[in-house]
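No lab work stands behind these numbers, since they all come straight from the coordinates. The structure displayed is predicted, hence computed values, not measured ones. Note that each Cβ is placed from the backbone with ideal geometry, even for glycine, and that neighbours are counted across all protein chains shown.
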Amino acid sequence: MLRGLLRRVALTVTFRVQAPSPRALSPGTPLSSRAAACPLPPAGRRGLCSGSSGCWRCGAERASGEQEAAAFFCPSCRALQPPDRRRDYFQLLGLQRRYRLDAEQLRRSVRRLQRELHPDNFSRGSEDERRFSEEQSALVNEAYGTLLRPLSRGVYLLRLELPGEAGLGEADSGEDPTFLAAVLRLNERLEEARGPEEIGQVSEEVEARLRELDGEVARAFEGGRPRDALPLLKQMRYWSSLGDRIKERLLPR
Ligand SMILES: [Zn+2]
């Protein structure tokens, strides 16, 4: 019975975790699959796969993914380059690949890149450059959306650390009974809560559990135990779902 109820809890809310773009490959990816990941150029266009050649305009060798600033623009002629699909979201935003990140640093980096890549800057450029600026801006926004929230960041990092392994999408099994009981108890309290004050108390408990899990997930990644992060992220998903339902209840009707 517990499990059925819990499944209902998980299904009543939307679970929005951005899966890593299949094209944002990790640095360890063999070259052959890198080449396979290059998008085909539109008909009648020169091949502009950024993973295999130099600058599309002057042919200069492009900087590697590590050299963050240079990766968007050609170091030689300063032309805006097409998205480099070899780079993951952390590299794209010039951040260290780790779970714990400085939200202010993330925002600063995204704001700066959005300014530099803004389509207005390329209004007098070629058609290719205007397209690159749109593609690069969209990619930066996608990376920001994924890395901002702890849950989606954790899921993304887990997929980078353990490529090819089943993640959160798999059927839930063997959840800790103490955890299941806690989820159900707080769900019941939310159902029975009368007024914003009681709902607020449930919200505080949920937030406290999310903070606790955040710390545990960070320790699992930092300790080189990414597998340990999986069950924690699953728990985080339940609490986040409940947190979303609480926000819905608190919205003025
Ligand atoms: Zn160039």
Taking the alpha-carbon centroid of each part, what is the distance from segment 199-253 to segment 83-119 in angstrom?
-> 24
At 20 °C and 1.002 mPa s, what whole-number value in µm²/s does Stokes-Einstein give for the translational diffusion of segment 108-253, with Rh from the Kirkwood sum over Cα pairs?
-> 119
Tell me the GluC sites (Glu not before Pro) within segment 135-228 that lie in a loop according to DSSP and have at most 12 other beta-carbon atoms within 10 Å.
-> 165, 170
Quick one: what are the phi-derived ³J(HN,Hα) couplings along segment 232-242, Karplus 6.51/-1.76/1.60 with θ = phi - 60°, whole Hz, x for glycine and proline?
-> 5, 5, 5, 5, 4, 4, 4, 5, 5, 4, 4
Using the Karplus curve 6.51 cos²θ - 1.76 cosθ + 1.60 with θ = phi - 60°, work out ³J(HN,Hα) for each residue of segment 189-205 in order, rounded to whole Hz, and write x for Gly and Pro.
-> 4, 5, 4, 8, 4, 10, x, x, 5, 5, 5, x, 5, 4, 4, 4, 5
